[in-house]
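Everything below concerns the one structure shown next.
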Amino acid sequence: MLDDNIVHPKRIVIMTVLFIFREMTEGDLSKATGIDWGSLTTHLTRLERNGYIERKKVITNKGLRTIVRITDTGYRTYKEEIEKLKNLIKKTEW
């Protein structure tokens, strides 16, 4: 069974970017994924509630920013879900 907290079109894109880069600002994540702020916030809240990401406010020379970081649980679960998807694809090949 796939985890729909991760295997959702927008959340899998978010998790893929965070899997690669580990952490980034919400602004950079929005740009990297092409997901607008409102939708991004909704999906990040769901991922955070499930322990897959963490958000932290930091003060930078550009002002207050929110850093989004994939957790160890998120990293591990993402890898597991990708393996499940690979196996599902293999089963459908002729």
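The values are calculated or read from the model by the stated rules, or taken from the named source; none is laboratory data. In this text, all values refer to a predicted model and were calculated from it rather than measured experimentally. A quick note on method: Cβ atoms are made from the backbone with ideal geometry, for glycine too, and the neighbour counts reach across all protein chains shown.
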- Would you point out the residue of the stretch 8-55, among those that are among the small types (Gly, Ala, Ser) and in contact with a helix residue (DSSP H, G or I) (Cβ under 9 Å, 6 or more places away or on another chain), that is nearest to Ile67 (Cα to Cα)? Gly27
- Query: Among the residues of the stretch 19-46, which ones are polar (S, T, N, Q) and over 16 Å from Lys62 (Cβ atoms)?
  - Reply: Thr33, Ser39, Thr41, Thr42, Thr45
- Query: Given (1) in contact with a strand residue (DSSP E or B) (Cβ under 9 Å, 6 or more places away or on another chain); (2) under 15 Å from Val17 (Cβ atoms), where does Lys56 come up short, assuming only one miss?
  - Reply: (2)
- Item | Count of the stretch 55-74 residues which are surrounded by 15 or more Cβ atoms within 10 Å (Cβ to Cβ) and more than 19 Å from Lys31 (Cβ to Cβ) | 2
- Item | Residue match in the stretch 37-48 (condition: out of contact with any Phe, Trp or Tyr (no Cβ under 8 Å at 6 or more places or on another chain), exposed (fewer than 13 other Cβ atoms within 10 Å of the Cβ) and at pLDDT below 95) | yes
- Residue check, Asp28 at pLDDT below 95 and either touching a strand residue (DSSP E or B) at 6+ places or on another chain (Cβ under 8 Å) or surrounded by 10 or more Cβ atoms within 10 Å (Cβ to Cβ) (or both): no
- Task: Select the helices (runs of 4 or more DSSP H) contained entirely in the chain, then report the ones holding at least 1 residues which are free of Cβ contacts under 8 Å to residues at least 12 places away in the same chain and among the aromatic types (Phe, Trp, Tyr).
- Result: 9-21, 37-49
